Each structure stands twice: as C-alpha cells, then as structure tokens.
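One structure is given below, encoded as structure tokens.
The values are calculated or read from the model by the stated rules, or taken from the named source; none is laboratory data. All values reported here derive from a predicted model rather than from experimental measurement. Every residue, glycine among them, receives a Cβ derived from its backbone with ideal geometry; neighbour counts consider all protein chains shown.
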C-alpha cells in the first residue's frame, strides 16, 4: 500500500487582491528586512525576525483580506516585542575573547547608540513613524494601540533623543 502526500507549494493566493504569497515576499521582503534591522540593529537577528514573521503570515495568508503588508508588519513588530520579553541565554563566558569587530563606516553610529537607549516600544514608534514613514494611524494599527499612545510615545522618544549625549553637537553646552 502506498500513500501520497500533498505538498502545498506556498503559492497561496489572496482571493481579494489576487496576490500570491510568493509575489508578496518577492516584492516586500526588502522593506520588511529594513524595518526589522531598524528594530534590532543586527543583520542576522533582522533576517530571523523577517523569516519568522513571514512564516506566521504564510499560515494566515488565506485569512488576510485587503492589503497584506500592514498585517505582516504587525506580525513583525509583535514578534520583535515577544522576543525581547523572553529570557535570553545566548552568551556564555569564555577565557578567549573574540576578535574586535569593525563597525560599518556607512552607519550613523551615534544615532544607533541613541536609538538603543530608547525603550523598545518607543524605538518601534520612531522606526515606524520616521524611518518607515507610516502615519500615526498606520503606526497605531501596527502596534495595536491608540493614536494618542503613538503621539505620546513619539514625543517622549524625541525628547529623549534630543538630550542624548551621543547626539550632542560639539560645543553644545548640554
């Protein structure tokens, strides 16, 4: 007796938009990776985050109505938030230190230093509002909060960035 298995090729098509999952990934994965990198500031972690978000979206693809990108972005941000809530045991003590890494000269390291000091919720608001250029309403939808929360988090984040020593200009008395 032989059995046959049916393998889904992943080419799921949204009945409303007509877009297949594969087409969506090809068209929007670069933008999603940029968002993930801005949230994590780590290329490998950003790639893992996008892969996880796309995997979750693939399982829900038939239930997504309308434009899929806001839904996938919400998965991305929620997955990012759940990752930093988990206890991390990745570092292990060692007697030999690894070689020093060289920073990418093209990155504004002062901005990254300041962004890393922000709480993760504020960082998510700043990334979505100012780097991804989403409106307050779109940002609120992605984060699952009110527009007022987005406004207050953005205001507090910008206030923290204004006084961050990493962004202080030379000769600035602050």
Q | Of residues in segment 40-55 being at pLDDT 90 or above and crowded, with 18+ Cβ neighbours inside 10 Å, the one farthest from residue 120 (Cα to Cα) | A | 54
Q) Any residue in segment 63-75 that is modelled with pLDDT under 90, buried (at least 16 other Cβ atoms within 10 Å of the Cβ) and part of a loop (DSSP other than H, G, I, E, B)? A) yes
Q) Which of the residues belonging to segment 137-167 are surrounded by fewer than 17 Cβ atoms within 10 Å (Cβ to Cβ), assigned to a helix (DSSP H, G or I) and free of Cβ contacts under 8 Å to residues at least 12 places away in the same chain? A) 137, 147, 148, 149, 152, 155, 159, 162, 163, 165
**Q.** Cβ-Cβ under 8 Å pairs, at least 6 apart or on other chains, segment 118-130 side touching a residue at least 40 places away in the same chain (Cβ under 8 Å), far side surrounded by 16 or more Cβ atoms within 10 Å (Cβ to Cβ) and not in a helix (DSSP H, G or I)
**A.** 128/134
Q.
Anything in segment 122-136 that is touching a helix residue (DSSP H, G or I) at 6+ places or on another chain (Cβ under 6 Å) and surrounded by fewer than 20 Cβ atoms within 10 Å (Cβ to Cβ)? List them, or say none.
A. 131, 132, 136
Q) Which residue out of 84, 58 is touching a helix residue (DSSP H, G or I) at 6+ places or on another chain (Cβ under 7 Å), in a helix (DSSP H, G or I) and modelled with pLDDT under 90? A) 84
Q: Test each condition in (1) surrounded by 15 or more Cβ atoms within 10 Å (Cβ to Cβ); (2) in contact with a helix residue (DSSP H, G or I) (Cβ under 6 Å, 6 or more places away or on another chain); (3) modelled with pLDDT of 60 or more for residue 12 and report the one that comes out false.
A: (3)
Q: Would you check if residue 115 is modelled with pLDDT under 90, in contact with a helix residue (DSSP H, G or I) (Cβ under 8 Å, 6 or more places away or on another chain) and under 18 Å from residue 35 (Cα atoms)?
A: yes
